Amino acid sequence: MHIPDGFLDTKIWIGMGCISAAFIFIATRKANKTLSDKHIPLFGVMAAFVFAAQMFNFPVGGGTSGHFMGGALISILLGPWASILIMTTVLIIQCLVFQDGGVTALGANIFNMGIVGGFLGYYMNLFIQMFTKSKKGLFIGSFIAGWSSIVLSAICCSIELGLSGIMPLRIIFPAMTIIHALIGIGEGFITVAVLSLLTRVRPDLLQLQKI
């Protein structure tokens, strides 16, 4: 999912960088207005957790591996705008320190994993819980949110690569979608597992004001 340097056309990475910068600006302003003392340590814990979790890959098949993304989990706990800020921090560190993802592709990676993953995960879970308000609804919603956030992020990534001429869209689109539909199962289960643990040990964290 991390796009390296040299894979995106100049117009694409500049455009995605501008879009992501606008979202980050709005997210920062919203965080300045609504951030409380309870949010601050959770921001750090979630950033550290997502950063560590993304370092572990799991096999999918055919020599392909995937990793936990975390956008849906963060957005369910803290809101979609918080997800943008945390994912941006994680992706910048991965890019500059570990060379995981390119500098020029940073805007696209933030858009795919932070913005798309965060907003889709948040509203998908919210939609499902409109019909099922119990803990069961939270777990069903979080699983679908985690799965769908991975798949849609992969779709956005494939469109960006296709428009950049790396590979024909008719080839890269189904390949990315099918692979990440499998990876999304792992994302969904990890999201459910973390929320299940929090409902037992710190249910108050699920009631924090969303950003």
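The values are calculated or read from the model by the stated rules, or taken from the named source; none is laboratory data. On a predicted model such as this, the values are computed, not experimentally measured, just so you know. Please note: Cβ atoms are built from the backbone with ideal geometry, for glycine as well, and neighbour counts cover all protein chains shown.
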Item to check | Single match in G101, G114 (criterion: part of a helix (DSSP H, G or I), in contact (Cβ under 8 Å) with a residue 60 or more places away in the chain and either closer than 18 Å to W13 by Cα or touching a Ser or Thr at 6+ places or on another chain (Cβ under 8 Å) (or both)) | outcome: G114
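Can you pull out every residue in the range 33-47 that is modelled with pLDDT of 85 or more and either of a type in the set (D, E) or exposed (fewer than 14 other Cβ atoms within 10 Å of the Cβ) (or both)?
Going residue by residue through the range 33-47, those that are modelled with pLDDT of 85 or more are 43-47.
Hits for the range 33-47 are G44, V45.
Would you confirm whether or not the range 144-166 contains a residue that is in a helix (DSSP H, G or I), of a type in the set (V, I, T) and either under 16 Å from I74 (Cβ atoms) or touching a residue at least 40 places away in the same chain (Cβ under 8 Å) (or both)? Explain how you work it out, then say what you get.
As a first pass, look at the range 144-166 and keep what is in a helix (DSSP H, G or I): 144-163.
Now restrict to residues that are of a type in the set (V, I, T): 144, 150-151, 155, 159.
Now narrow it down to the ones that are either under 16 Å from I74 (Cβ atoms) or touching a residue at least 40 places away in the same chain (Cβ under 8 Å) (or both): 144, 150.
Within the range 144-166 (the criterion being in a helix (DSSP H, G or I), of a type in the set (V, I, T) and either under 16 Å from I74 (Cβ atoms) or touching a residue at least 40 places away in the same chain (Cβ under 8 Å) (or both)), the answer is yes, since at least one residue qualifies.
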Next on the checklist: Name the single residue that is modelled with the lowest pLDDT among those in the range 1-23 being among the aliphatic types (A, V, I, L, M) and surrounded by 18 or more Cβ atoms within 10 Å (Cβ to Cβ).
Outcome noted: M1
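Residues are listed down the side, and each one gets a yes or a no for (1) under 30 Å from V45 (Cβ atoms); (2) surrounded by fewer than 14 Cβ atoms within 10 Å (Cβ to Cβ):
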{"position": "A154", "(1), (2)": "yes, no"}
{"position": "I159", "(1), (2)": "no, no"}
{"position": "G165", "(1), (2)": "no, yes"}
{"position": "L195", "(1), (2)": "yes, no"}
{"position": "V201", "(1), (2)": "yes, yes"}
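Restricting the search to the range 1-52, which residues are among the small types (G, A, S) and closer than 26 Å to L195 by Cα?
Taking the range 1-52 as the starting set, the residues that turn out to be among the small types (G, A, S) are 6, 15, 17, 20-22, 27, 31, 36, 44, 47-48, 52.
Passing the criteria: A27, A31, S36, G44, A47, A48, A52.
Given the criteria in contact with a strand residue (DSSP E or B) (Cβ under 9 Å, 6 or more places away or on another chain) and either of a type in the set (G, A, S) or at pLDDT 90 or above (or both), does S83 qualify?
Values: in contact with a strand residue (DSSP E or B) (Cβ under 9 Å, 6 or more places away or on another chain): no; either of a type in the set (G, A, S) or at pLDDT 90 or above (or both): yes.
It is false that S83 is in contact with a strand residue (DSSP E or B) (Cβ under 9 Å, 6 or more places away or on another chain) and either of a type in the set (G, A, S) or at pLDDT 90 or above (or both).
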